[in-house]
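What follows is a single structure, written as structure tokens, with notes after it.
The numbers here are math on the coordinates, done by the rules we state, and not lab data. Only a predicted model underlies this, so the values are computations on that prediction, with no experimental measurement involved. Ideal geometry is used to build each Cβ from the backbone, glycine not excepted, and the neighbour counts take in all protein chains shown.
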Amino acid sequence: MYLGPEFYEGDDDMALNDFSESKVTIKKDELLVAIRKNRESHATAYAETVEGYRETVLKRLEAATASVRNGGRFDPHEFLNLTVPVSHTKDYDRVIKMLEMSTAGEITCTEKQFSQYVLDEWSWQNEFATSNALYNSKVRNR
């Protein structure tokens, strides 16, 4: 959205690159393809991360058990500090269901919606990436 030259003080690049209030109309079928692909990618990453989380918990439990058997002590903080992976597939499922039930052939998305649905950039993305990096060996080894 362009607010006039006095607002930007001659910075025409700012006006050309400001998409924060932009909207885009997308064919519903193309939007569904994008969000289903992103959902599948998320579900796969989550499953791999949960597997790594379980392995981490089991290793720590085995070490704690061995320590206690050998007269050592048990430190519950070893487990309380673990970040539990969280699935966000319901976020995708909600949008998919809304799109499937829509009678429109084209959907108008805001910049934020486009970022989430097409580019897979959600507000929870950093937290999810952190748990992936901790427990998902495929992510750690990249």
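Tell me, what ³J(HN,Hα) does each residue in the range 96-105 have, in order and in whole Hz, if you take phi through Karplus 6.51 cos²θ - 1.76 cosθ + 1.60 with θ = phi - 60° and put x for Gly and Pro?
4, 5, 4, 5, 4, 7, 5, 8, 6, x
Considering every Cα-Cα pair within the range 79-142, what fraction, in whole percent, is farther apart than 13 Å?
Summing the P(r) tail past 13 Å for the range 79-142 gives 72 percent.
Summing Lys, Arg as +1 and Asp, Glu as -1, what charge do residues with Cβ under 15 Å from the Cβ of Glu127 carry, Glu127 excluded? Write out the running numbers ahead of the final one.
On the way: positive: none; negative: Asp91, Asp120, Glu121.
Neighbourhood net charge equals -3.
Given contacts defined as C-alpha pairs under 8 Å and at least six residues apart, what's the relative contact order of the range 23-140, whole-number percent?
Values: 99 pairs, mean separation 59.9, N = 118.
About 51 percent, as a whole number.
Going down the table (Lys59/Lys97; Lys23/Lys90; Lys37/Lys59), which pairs top 30 Å between alpha carbons? Display every interim value, and only then the final one.
Working: Lys59/Lys97 40 Å; Lys23/Lys90 24 Å; Lys37/Lys59 33 Å.
Checking Cα-Cα distances, Lys59/Lys97; Lys37/Lys59 exceed 30 Å.
Of Ser131, Gly105, Phe79, which is farthest along the charge dipole of the range 66-142 in the positive direction, counting Lys and Arg as +1 and Asp and Glu as -1 at C-beta?
Phe79
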